[in-house]
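Student: Sharing a structure with you now.
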Amino acid sequence: MAERIRLNKVSLREQKQKMAMYERFLPALEARKQQLIMQLTVIRTNIRDQRELMETMVEEIRSWASLYWDIEGVLRFYIAVREIRCAPRNIAGLKIKEFKEVLFDDPGYSLFRTPYSFDAVLKRTREAISLRERIKILEEQEQVLLEGFRKTSQRINLYEKMLIPQCREAVRRISVYLQDQQAAAVGVAKVAKRLSEEASYYVD
């Protein structure tokens with residue numbers, strides 16, 4: 001339901017103040033939108049690069065199929081994820097997580113009781129798991145920034161297409177009404193003066 005506009009000077013001042021506030025906020029929202037666009041571009045490029053790296057890594061790991069077959073029973077105890085460490089980061093007022101590292105269970109092992117390839121396979125597998133988690137966090141960042149971009153765009157549209165035009169129209173309507181009232185008052189005053197002068201003429 002549209003707001004009912006009071007046609008008086010107080011309402012005129014309120015509408016002007018609201019319009020000034022919206023127009024003051026608009027550039028900040030536009031700047032935030034541009035910042036989000038730039039950050040989204042950076043993150044999407046990063047996601048693409050990390051996915052390409054993951055594909056290369058997976059192909060390499062596939063070529064080690066026979067090695068995995070030999071150590072699979074032992075390896076699983078050393079690639080269990082204990083903790084994924086992230087740090088908070090602020091982008092354009094949005095809180096996101098930034099990937100730091102993956103911590104794995106590490107029960108320890110004897111070099112003499114594991115195949116010679118165990119170290120290399122373990123290292124590469126942990127790198128692949130860490131990369132997978134890094135990509136997940138990047139994708140979460142992308143979603144947070146996309147939602148922020150969507151809400152910022154909606155707010156800009158609200159200001160540009162609804163709130164500012166409504167205030168501008170209200171200011172116009174009130175100004176026209178007050179001018180008409182002022183003109184009518186001046187007209188009444190002139191008529192009253194003329195009648196007063198005519199009355200005094202007849203009295204004299």
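Student: When residues of segment 42-87 are filtered for being in a loop (DSSP other than H, G, I, E, B), free of Cβ contacts under 8 Å to residues at least 60 places away in the same chain, of a type outside the set (V, I, T) and open to solvent by less than 80 Å² (accessible area, probe 1.4 Å), how many remain?
Tutor: Of the residues in segment 42-87, 2 are in a loop (DSSP other than H, G, I, E, B), free of Cβ contacts under 8 Å to residues at least 60 places away in the same chain, of a type outside the set (V, I, T) and open to solvent by less than 80 Å² (accessible area, probe 1.4 Å).
Student: On the given criteria, is T41 farther than 26 Å from K151 by Cβ, out of contact with any Leu (no Cβ under 6 Å at 6 or more places or on another chain) and modelled with pLDDT of 90 or more?
Tutor: no
Student: Mind listing just one residue for me: the one in segment 88-107 that is within 20 Å of R32 (Cβ to Cβ) and not in a strand (DSSP E or B) and, of those, most open to solvent (accessible area, probe 1.4 Å)?
Tutor: Among those residues, the one meeting the criterion is G93.
Student: Any residue in segment 24-41 that is assigned to a helix (DSSP H, G or I) sitting within a Cβ distance under 6 Å of a residue that is open to solvent by less than 70 Å² (accessible area, probe 1.4 Å) and among the small types (G, A, S)? List the pairs, counting only those 6 or more apart or interchain.
Tutor: Sorted first by the residue in segment 24-41, then by its partner, the pairs are R32/A92; Q35/A92; L36/A92; L36/G148.
Student: Residues being within 29 Å of L103 (Cβ to Cβ) and open to solvent by 70 Å² or more (accessible area, probe 1.4 Å): count how many of those fall in segment 135-160.
Tutor: First, pick out the residues of segment 135-160 that are within 29 Å of L103 (Cβ to Cβ): 135-145.
The next check asks that each one be open to solvent by 70 Å² or more (accessible area, probe 1.4 Å); those that pass are 136, 140, 143.
Summing the residues that are within 29 Å of L103 (Cβ to Cβ) and open to solvent by 70 Å² or more (accessible area, probe 1.4 Å) in segment 135-160 gives 3.
Student: To continue, here is another question. Based on what the data block shows, is L111 modelled with pLDDT of 95 or more, exposed (fewer than 15 other Cβ atoms within 10 Å of the Cβ) and closer than 27 Å to E60 by Cα?
Tutor: For L111, the condition - modelled with pLDDT of 95 or more, exposed (fewer than 15 other Cβ atoms within 10 Å of the Cβ) and closer than 27 Å to E60 by Cα - is not met.
Student: (1) closer than 20 Å to M38 by Cβ; (2) surrounded by 12 or more Cβ atoms within 10 Å (Cβ to Cβ): which one isn't true of R132, the others all being true?
Tutor: Unmet condition: (1).
The values are calculated or read from the model by the stated rules, or taken from the named source; none is laboratory data. In this text the structure is predicted, and so the values were computed from the model without any measurement. Heads up, the Cβs are rebuilt from the backbone with ideal geometry, glycines too, and the neighbour counts pull from every protein chain shown. Note: accessible area is taken over every heavy atom of the protein model, side chains too, but ligands, DNA and RNA are not part of it. Shrake-Rupley method; radii C 1.70, N 1.55, O 1.52, S 1.80 Å.
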